[in-house]
Amino acid sequence: MSTTELFLQADEIQEFIEETMADDSLFVIGEDDRELGICSYITFYVYNQPNEYMQVAEKMHALFDEFSLLIDEPWQKIWKSLTQVWLKAGDKRLPDDWRPAAIRSQGRGRVHFMRATDASGPMVSPRWAISGVVDEGYSSYSTLKLTFRRKWFNQNKERWYAFVEHCLNVLQPEHCYSGFEVGNGGFNLMGAYEADVLERICADYFYGMDIDHPDAMGFHSNSDRHDFVMPNDLGAGLR
């Protein structure tokens with residue numbers, strides 16, 4: 001399939017835009033059980049040292065709990081970091097204590113994940129989602145991405161701004177992005193033809209359209225002894 005082919009007709013685009021603006025509707029395209037839609041998000045990029053791994057994990061899990069109380073839709077899927085699988089919310093296999101998994105990940109030189117979505121699966125654009133990634137910090141930021149409902153935001157702006165300010169105070173991020181995108185939840189599973197083309201179409205209709213993929217953008221060279229900076233990464237500064 002080529003990106004030069006017509007992807008959506010003019011009336012389909014208009015319907016998608018109108019439904020999204022009206023009630024956060026998701027436009028069903030592609031394969032079965034894959035619904036893509038425009039979502040608002042904010043991502044915090046945290047620069048930390050290896051000895052701050054558990055401290056950052058503690059902060060992110062605390063914000064995870066606070067964010068879970070903020071949302072107006074229940075989580076449907078939650079990521080189990082130790083076994084790297086998505087489970088239904090409430091599954092008995094989900095641990096009560098996240099610390100053993102984080103300690104084990106750190107000991108193996110791996111990242112620790114905390115992820116949840118209100119969608120039926122990670123390939124569906126969420127209306128609410130959280131994706132926290134704790135890294136040792138040598139060459140990658142630790143990141144916390146929050147996907148939130150635009151309609152809820154419009155009705156709860158003061159509450160949302162207070163929570164974002166709280167996140168800034170807790171995490172002290174080096175970078176922060178917020179805007180609109182074809183929702184990927186921060187799970188690094190988008191990037192297929194449909195999502196890419198839909199994002200280009202929607203850029204003409206949504207002010208603040210900015211695509212954010214923490215797994216791709218989160219590299220830095222802050223610790224490079226030769227002062228080498230990758231100009232396409234956040235370590236080079238704000239774009």
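Restricting to the stretch 149-161, and then to whatever is modelled with pLDDT of 95 or more and open to solvent by less than 60 Å² (accessible area, probe 1.4 Å), can you tell me which residue is nearest to the chain's Cα centre (by Cα)?
That would be Trp160.
Determine if the stretch 116-125 includes at least one residue that is under 13 Å from the mean Cα position of the chain (by Cα), farther than 20 Å from Trp75 by Cα and crowded, with 21+ Cβ neighbours inside 10 Å.
No, there is no match, as no residue in the stretch 116-125 is under 13 Å from the mean Cα position of the chain (by Cα), farther than 20 Å from Trp75 by Cα and crowded, with 21+ Cβ neighbours inside 10 Å.
Where in the stretch 55-159 are there strands (runs of 3 or more DSSP E), lying fully within it, with 2 or more residues that are of a type in the set (Gly, Ala, Ser), touching a Phe, Trp or Tyr at 6+ places or on another chain (Cβ under 8 Å) and touching a residue at least 40 places away in the same chain (Cβ under 8 Å)?
Correct list: 129-134.
Quick one: which residue in Met21, Met54 is within 24 Å of Val134 (Cβ to Cβ) and surrounded by fewer than 17 Cβ atoms within 10 Å (Cβ to Cβ)?
Working: Met21 fails: within 24 Å of Val134 (Cβ to Cβ).
That would be Met54, the only listed residue that is within 24 Å of Val134 (Cβ to Cβ) and surrounded by fewer than 17 Cβ atoms within 10 Å (Cβ to Cβ).
Against the condition in contact (Cβ under 8 Å) with a residue 40 or more places away in the chain, within 23 Å of Phe206 (Cβ to Cβ), small (Gly, Ala, Ser) and open to solvent by 40 Å² or more (accessible area, probe 1.4 Å), how does Ser178 come out, does it pass?
In short, yes.
Those residues that are open to solvent by 60 Å² or more (accessible area, probe 1.4 Å) and modelled with pLDDT of 80 or more, I need them from the stretch 181-213; list them, please.
Across the stretch 181-213, the qualifying residues are Arg200, Asp204, Tyr205.
Somewhere in the stretch 133-146, is a residue over 21 Å from Ile71 (Cβ atoms), among the polar types (S, T, N, Q), open to solvent by 70 Å² or more (accessible area, probe 1.4 Å) and in contact with a strand residue (DSSP E or B) (Cβ under 8 Å, 6 or more places away or on another chain)?
No: the stretch 133-146 contains no residue that is over 21 Å from Ile71 (Cβ atoms), among the polar types (S, T, N, Q), open to solvent by 70 Å² or more (accessible area, probe 1.4 Å) and in contact with a strand residue (DSSP E or B) (Cβ under 8 Å, 6 or more places away or on another chain).
The values are calculated or read from the model by the stated rules, or taken from the named source; none is laboratory data. As the structure is a prediction and not an experimental result, all values here were calculated from the model. FYI the Cβ positions are ideal-geometry reconstructions off the backbone, even for glycines, and counts take in every protein chain you see. For the accessible areas, the whole protein counts, side chains as well, though only heavy atoms, and no ligand, DNA or RNA atoms are used. Shrake-Rupley method; radii C 1.70, N 1.55, O 1.52, S 1.80 Å.
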